[in-house]
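Peer 1: Mind having a look at this structure? Questions to follow.
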Amino acid sequence: MKDFMNNNDLHDVDTISAKFTWCNNKRGSARILERLDRCLLNSKALELINIPSVRHLEIIASDHSPIVLKLFHQQFQNSRIRKFEDVWLSYPAATSVVRKSWAKPVKGDHMEVVNRKMSRVLKALYFWSKAKHQKLEELKETLIKEIKELQQEEAFELLFLDSKSLLFKYKVKEFDFTLSRLNTWWKQRAKAKWMKEGDVSSSFFRAFANGRRNGDSIKQLMNEEGELTEDPACMRIFYQFFCKKWEYRDSDLSNWPFNGKVLKNEDCKMLEADFTIEEVEKVIEELGNNFSPGLV
């Protein structure tokens with residue numbers, strides 16, 4: 001089996017579950033467990049697959065364990081850049097979040113302590129208000145509905161209680177705060193730094209932010225004939241552009257200072273030469289206990 005695997009460039013894939021794949025289904029000292037089933041891949045397959053892995057499933061309807069080969073293992077990385085949100089300043093609870101995160105001890109020099117504390121505070125604020133914007137949109141719609149109901153009660157009821165009047169004022173004030181926070185949220189994403197005081201309606205900043213996003217996207221390309229096209233197949237223009245930009249060009253190196261760190265022609269030929277069987281055998285014999293022989 002080993003000779004067959006070596007001659008055909010086959011490699012055994014590592015398992016991430018139970019080690020054995022066969023059982024004789026007996027008990028006590030007569031019970032036998034063996035790994036009879038294997039998954040073999042050649043070097044080309046191992047290069048194409050990111051992280052191959054084999055899992056042995058449970059032995060239920062047979063004395064053999066089914067094996068499952070997982071060809072692709074996607075690693076999701078959180079590449080989101082966390083930034084300070086201006087709308088956090090409008091929440092009194094943000095102060096306690098910052099104070100609690102900043103008070104945790106950190107070891108290191110002064111610069112490292114400051115950087116780690118700043119990163120910790122920003123992370124705490126981010127997870128504390130992860131769904132604040134979505135909740136603000138829902139809160140705005142809820143407040144509009146509640147204010148409308150209170151206005152109808154005030155219009156049709158002869159006796160409007162003071163408690164409901166205070167509740168109506170509170171809802172209106174909370175609605176104004178919600179609109180202000182939405183305005184701040186969209187203003188920061190629109191990056192309209194030149195506007196210090198603009199329309200309190202967030203629709204303007206939402207349109208501004210969407211306009212920036214649409215402006216950054218590529219919708220048309222100019223082909224070699226100078227015509228604009230939306231055909232996705234013309235994406236090869238990017239490839240042709242960079243191939244032409246980075247193609248090899250002969251350079252005139254006359255009158256340039258001599259670089260003494262360049263390898264000699266003899267050294268280059270020696271490095272480009274193929275290994276001989278005698279050289280490989282000599283290196284293996286001199287390895288000893290898996291130690292490199294060093295420079296010869």
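Every read-out reported here was derived from the displayed coordinates using simple, explicitly stated rules and does not represent laboratory data. In this text, all values refer to a predicted model and were calculated from it rather than measured experimentally. Every residue, glycine among them, receives a Cβ derived from its backbone with ideal geometry; neighbour counts consider all protein chains shown.
Peer 1: Can you tell me which lysines have their Cα less than 28 Å from the Cα of LYS107? Leave out same-chain residues fewer than eight positions away.
Peer 2: Qualifying lysines at Cα under 28 Å: LYS83, LYS117, LYS123.
Peer 1: Skipping prolines and chain starts, which residues have an amide H placed within reach, meaning under 5 Å, of the one on ARG35, given they are 5 or more residues away or on another chain?
Peer 2: Under 5 Å from the amide H of ARG35: THR21.
Peer 1: Considering only DSSP states other than H, G, I, E and B, which trypsin sites (Lys or Arg not before Pro) in region 1-41 qualify as loop sites with at most 11 other Cβ atoms within 10 Å? Intermediate values should be presented prior to the final figure.
Peer 2: Values: sites: LYS2, LYS19, LYS26, ARG27, ARG31, ARG35, ARG38; in loops: LYS19, LYS26, ARG27, ARG31, ARG35, ARG38.
Here the sparse-neighbourhood loop sites are LYS19, LYS26, ARG27, ARG31.
Peer 1: Let me ask something else about it. For LYS264, go through the lysines and keep the ones whose alpha-carbon is under 27 Å away, minus same-chain ones fewer than eight residues off.
Peer 2: LYS282
Peer 1: Continuing with this model, one more query. Under 5 Å between amide H atoms, partner at least 5 residues away or on a different chain: which partners does SER17 have, H built in plane at 1.01 Å?
Peer 2: Sorted by chain and number, the residues that satisfy this are HIS56.
Peer 1: Sticking with this one: When only DSSP loop residues count, what chymotrypsin sites (Phe, Trp or Tyr not before Pro) in region 77-120 have their Cβ near at most 13 other Cβ atoms within 10 Å?
Peer 2: Working: sites: PHE84, TRP88, TRP102; in loops: PHE84.
Here the chymotrypsin sites (Phe, Trp or Tyr not before Pro) that fit, given the DSSP loop and packing criteria, are PHE84.
Peer 1: On to the next question. How large are Rg and Dmax for region 82-130 when only the alpha carbon atoms are used, in Å?
Peer 2: Calculated on Cα positions, Rg and Dmax stand at 11.2, 33 Å.
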